[in-house]
Each structure stands twice: as structure tokens, then as C-alpha cells.
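Student: Please read through the structure below; I'll follow up with questions.
The values are calculated or read from the model by the stated rules, or taken from the named source; none is laboratory data. Predicted model only: the values in this text are computed from it and were never measured. Note that we place each Cβ from the backbone using ideal geometry, even for glycine, and neighbour counts take in every protein chain shown.
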Amino acid sequence: MHIQRVVTCMLLLAAMLAASCSHDDGVNNNTPVVAPAGLTERDVAVVYAQGTEIIPNTLSSSGGPITQCSVSPPLPAGLSLDPQTCAISGTPSGTSPDTIYTIDASNAAGSESIKVEIEVKPEAVAPESLSYLNAAVIYTTNAPIIPNTPIATGGEITLYSISPALPAGLQFDPHTGIISGTPVATSQSTVYTVTGSNSVDSIEAQLTIEVHAATQPPASLSYWDAAPIYVVGQPISYDEPLSTGDEITFFSVSPALPAGLSMNPQTGAISGTPTTVQPPTTYTITGSNSAGSVTVHIVIGVDDPVTGEWTPADSMNQARFRHTATLLPNGQVLVAGGTRKQATASAELYDPVANTWTSTANLSQARQSHSATLLQDGRVLLAGGFKTGAGSEQSSAELYDPATGSWSPTGSMTDARDLHTATLLPNGLVLVAGGEGKAGALSSAELYNPATGSWSPTGGMAQARFSHTATMLANGLVLVVGGSSDSGVLSSAELYNPATGTWSPTGSLSQVRTDFATALLPDGTVLAIAGTDGNTELSSAERYNPAVGTWTQTGSLIHARDFLTATLLPNGRVLAAAGLAAGSDLSSDELYDPTTGTWAQTASMSLAREQHTATLLADGRVLIAGGLGRGIFARAELFH
């Protein structure tokens, strides 16, 4: 009996020891520990208000459990990182510039990193974008859904609401906007409006949700950025999938992603920090559920930092697109007008040295799709544009004086117009040409005289056009090319002679194009880039030779796009940035080498956008500001 008791006690002790040893940070010893992977931060780019407690910014991992967290550089004063959960919380006690923070989440098996962009302003600013990973999804009754998490940028959203009520069994978190739960009954396809708000303003996102009794295969799969170029050592802005049809419950990728990157198998989001250079490589991503699967191909490249990189600039105080940006003689950049929910009269100044935006005096009238021209005396002429809605084209103009930070009215144009061009002539006058008027495309042109503050008519173009480009050539003539007319997209080009006030025809583009960009190259030729033919975005490019008056084709871009910007860099290359293609905004960017006539991909912006502005700063960096993407952006980035 004594021996039996001893054996029994020994067995019990062995069992207790086994039980106590079978857990290590919540992981069974029989199951290999895996490193954290597929990290997702709730707010990836957020602007907090000084002195206001933030809603904790939480992080999730689809890989192994997180046991230790660190952040670099240190968070803004007043904010802290939980060393076990990686959640950011606290009350920012001072302002802080827009900074990328790298959060490293680790366990015994390894680590994964993700970036979060944080700025602290003196006062709250409006949210700029709101979207969901699953914007159109079909769920199955009695099957728990993968939580649908919003992705927001701009001013912190402090309250979420949804209308109408979600299908029975699904819950909506008003603090985080996360949709979760298990649907218990079928529901027809319904559009739900999610509103994210703070003390300044609100923003909306629409979701389409349907609930079926039986699971069907997913219908389609794509990615926000189908061809990103990342930079070694720089945490990426995670790339999320877009799908339609029934909910995708599992994602996989082949071949393995570049070293340092991982995919969340539940959400399909790609995140991490690439560690090795690699050329653009095609990856096949499969999204599946119990009924079937769908695939998509994306191309990912990783560059060395010396080939170009983007860093955050402070966000503007007002989100906007269809605005103007003008480099002032003092090195600052004046951004004026544009639209968010409606046309705005606000203006602000970017200081590249301090990396800050400050508000300046408002315009006398709200306007968008106007022109801005730096005059020889350092003032800025704003002309035309429209307010909000059809028929609101304007003929008014106003002048900004950087010395006083104020606007003053000046003479009005004869014709109200938007989407026109404005070119500073060598004699100090400003040539405004074409545009869209109250009755359609315009062929008229006018000259502004800064000395008298008045406009006078000059010769009209042979072709009415808007959304064209105008380039001041070295020979003193102005080249106007492409754009749209009331009857379609144009290929024609014309030359304006300031000495005679007349226009003459010159060689036409090889194809029609509008919503494109041009750049004057160091050799005096003009590069016309991409755009659209009215139906399809273009990748082609061509060069105009003023000596012979003809266009010749040059290398095509890697990716077709319209609504892009083109900036001549100090090294003679041209940066083609972002744009729109096949209904999706782009973050990819390319560099044109005039000596070889070829394009090479460079690092991608953190935000996909179109209808932004690009300004070459005095130090050679390029400032990208605002634009339209998942929302209307206040965020700015710097290329260098």
C-alpha cells in the first residue's frame, strides 16, 4: 500500500510538472513557437491633438504570440507603448512633427516590424480617409466572420457610427469601428454607411454586406498597390487586398515574399520591413474559403535607399485636391484653394526647414481647378477656377503678397474658366489659355499685366481645349498641347508668339492624350507623359523638338497612369509620381533618364493618390501635397 501511494504521488507529481512545463508564454512545448507575422496597426497614419487623450492604437498579429514590443524613435511626449501588447496610449503633451515610428514585435522565435506614422498638432484636424478591408462582402449564416477593421488616416477618429443596423448577429464597435460577430440569419445585399468623426469634422465610408445560407467562392481579388517598390530598411505601408463575393477566410502567397515581409493569412494584408534588394518579382496571391478560391498577381520590388526614397512631411491643416502649390522666393511653398467636401478658400505655407505648415490669409473666394503663377515681383496670381457644382466657373483673380501674407483683388478675366493654363512670359505678362467655361471648352486667351492689374485679349487658339499643358520654350514661344475639347480628346499642338500675340500650328502628338503631364528637359525638348485617351490610361511618352516642330516617341512608362505629376530633378531626370490607372490610385513612381530615353521604377509613396501637387524645393527634394485616394488627403511626402 505504501509503495502504491508513493507511485501514485510520483505519477501525480510528474503530471503536475508536465503541465507546468507545457506552457511557455501561452505556447505548448509540443507546438513550435513561430515569430509574429502579418502585423496590423489600427491607425497607420494619424494626427493627434495636443492635450487630448488618444483612443489606444492596438496592434494584431496573425503569427506567433507577441511577448515583447519596442518602438524607435521614442514616441511623442505623453504617449507610451505597452511592452507586451504593442498598444499605443496616453495623452500627447506637446506638438510633434510627422514621424515614422517602427514598432518591433517579437517572441523567442523571432520578430516582425511595422510602421506607424504619428503627428501631433496644437489642435485637432479633420479625418482625411476612411475605408475597410472588406468593402463588399458576403457572409455565411452561423459562421464567425473575420473582424472587418477600418483603415483611417488624418485626424484621429474618436467616434464611429453605422446606418442602417447590421445584420442580426454582427456587432459594431463605436470606439474602433470594427465589425465582428456571427450572422444568424440571411440578409439581402445592403449598403451600410460608416461615419467616423471627431470634434472638427466627419468622414464616411460605404460597405456592402450580404448574408447567405451557404458559402459560395469569392468572386474577385485585387490589391490597392499592384506594383509597389519598397526600400531596404524602411517599414512599408501595408498593402491590403480588395475582394468581392463571399468572404475570403484564408490567404496564401507564392513564392515567399521578399525577406522581411509577411502576409496576414486572415486579412491578406502585407506588412514588414524588407531587408534585401531584389528586382521586381511577380507573386501569386490566393484568397480562398470553403467553397473555392480566386487569385491575383502583384509585382514587388525592393530597392537600395540610394535609388530614391520618400519620407513624411508634416500634414497640411486642410485636406484638399485640385489645389495649387507655388514655390516662393523665400523657399516656402504656398498651397491655395482646392476642394474637400466643397471648394475651399483656405491657404497655407510649408516651411521646408522647419517641416511645418502654417495657415495664411484666406482667398477672397473659394476656388478649385484654378491657376497659380509666380510673378517677377514675388507675388502670386491666382486666376479662375470654379466653386462647387456646374456653372460656377469664375473669372475673378487675386494676388498673394508673401511680405504681408495677404490677398488682394485684381482685375477679372474676360472669360470665366477652369482647367486652363497660365504661363509667365519673359516680358512679365501672364498668358492664360483655354480652359472650360460656362458653355464648354474655350479657345480664347488673355494676358495679365501685373503693372496695371488688368487683363487684355490676345489671339485665340485654333482649337478650344481644357486639361491641356503649356510650356515656356527656350526660344520664347509657348507650346500648348493635347487636352480635351467638347468633342473628344486631342493630339494637336499650337505655339504662341508673345511678340505678335498670335498662334501657329505645330506637330501633333502621336496619339490623343488628356490629364497628362509635361516637363521641359535640359536640352530644350518637351517630354509629354502618360495621361488618357479618354477610355484607357496611357503608358506612352513622347518628346517635342522645338527646332523641327515634331514629336518623337520615347520609352514608355512601366505603368500606365493619368492625373500624375512630372517634376524635373536637379540631376536632369524626371520624376513621374502617382496617378490613377484602371480605377485604382497609384503609389508607384518612375524616373525618366533623358540620355537613354528609358524609365526606371523608384521607391513608392506611402499613399496612393491622384490630383495632388508636386513642387521642387530649393534643396532638390520634391514635395507632394494633398490629392485624392481612399479619401481626400492632407498628408504630404518628400522625395529625395
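Student: Hey, S556 hits all of (1) hydroxyl-bearing (S, T, Y); (2) over 18 Å from A600 (Cβ atoms); (3) touching a strand residue (DSSP E or B) at 6+ places or on another chain (Cβ under 8 Å); (4) surrounded by fewer than 19 Cβ atoms within 10 Å (Cβ to Cβ) but one; which does it fall short on?
Tutor: Exception for S556: condition (2).
Student: Oh, and also: Looking at the range 389-406, can you tell me whether even one residue there is assigned to a loop (DSSP other than H, G, I, E, B), closer than 29 Å to T550 by Cα and in contact (Cβ under 8 Å) with a residue 12 or more places away in the chain? Spell out how you get there, then give the answer.
Tutor: Keep residues of the range 389-406 that are assigned to a loop (DSSP other than H, G, I, E, B), which gives 389-392, 394-396, 402-405.
Checking which are closer than 29 Å to T550 by Cα leaves us with none.
No, because not a single residue in the range 389-406 is assigned to a loop (DSSP other than H, G, I, E, B), closer than 29 Å to T550 by Cα and in contact (Cβ under 8 Å) with a residue 12 or more places away in the chain.
Student: Working only within the range 483-511, note down all residues that are crowded, with 16+ Cβ neighbours inside 10 Å and in a strand (DSSP E or B).
Tutor: If the condition is that a residue be crowded, with 16+ Cβ neighbours inside 10 Å and in a strand (DSSP E or B), then S484, S485, V489, A493, E494, L495, Y496, W503, T506 are the ones that fit.
Student: Oh, and also: Exactly one of (1) touching a residue at least 24 places away in the same chain (Cβ under 8 Å); (2) over 30 Å from the mean Cα position of the chain (by Cα) is unmet by A439. Its number?
Tutor: So A439 meets the others, but not (1).
Student: Any residue at all in the range 264-277 that's hydrophobic (A, V, I, L, M, F, W, C), in contact with a strand residue (DSSP E or B) (Cβ under 8 Å, 6 or more places away or on another chain) and surrounded by fewer than 19 Cβ atoms within 10 Å (Cβ to Cβ)?
Tutor: Yes, the conditions are met somewhere in the range 264-277.
Student: Restrict the check to the range 29-47 and report whether at least one residue is at pLDDT 90 or above and outside the structural domain of F251 (by TED's automatic domain parsing). Write out each step before concluding.
Tutor: So in the range 29-47, the residues at pLDDT 90 or above come out as 46-47.
Checking the rest, the ones that are also outside the structural domain of F251 (by TED's automatic domain parsing) come to 46-47.
Yes, the range 29-47 has at least one match.
Student: Then there's this: For the subset of the range 299-318 comprising residues that are in a strand (DSSP E or B) and surrounded by 20 or more Cβ atoms within 10 Å (Cβ to Cβ), which member is modelled with the lowest pLDDT?
Tutor: Per the criteria, the residue is D303.
Student: Determine which member of the set L334, L375 is touching a Leu at 6+ places or on another chain (Cβ under 9 Å), at pLDDT 95 or above and farther than 22 Å from D314 by Cβ. Walk me through it before giving the result.
Tutor: Numbers: L334 fails: farther than 22 Å from D314 by Cβ.
One residue alone meets the criteria, L375.
Student: Just for the range 569-596: of the residues that are under 16 Å from the mean Cα position of the chain (by Cα) and within 19 Å of Q553 (Cβ to Cβ), which one is surrounded by the most Cβ atoms within 10 Å (Cβ to Cβ)?
Tutor: By that ranking, first place goes to A576.
Student: Please go through the range 602-623 and pick out each residue that is in a strand (DSSP E or B) and either without any contact (Cβ under 8 Å) to a residue 60 or more places away in the chain or under 19 Å from I558 (Cβ atoms) (or both).
Tutor: Once the filter is applied, which keeps residues that are in a strand (DSSP E or B) and either without any contact (Cβ under 8 Å) to a residue 60 or more places away in the chain or under 19 Å from I558 (Cβ atoms) (or both), the range 602-623 yields T602, E610, A614, V622.
Student: In the list S487, S444, which residue meets the criterion of being among the polar types (S, T, N, Q) and either closer than 21 Å to R543 by Cα or in contact (Cβ under 8 Å) with a residue 24 or more places away in the chain (or both)? Step through it out loud before you land on a result.
Tutor: Working: S487 fails: either closer than 21 Å to R543 by Cα or in contact (Cβ under 8 Å) with a residue 24 or more places away in the chain (or both).
Answer to the check: S444.
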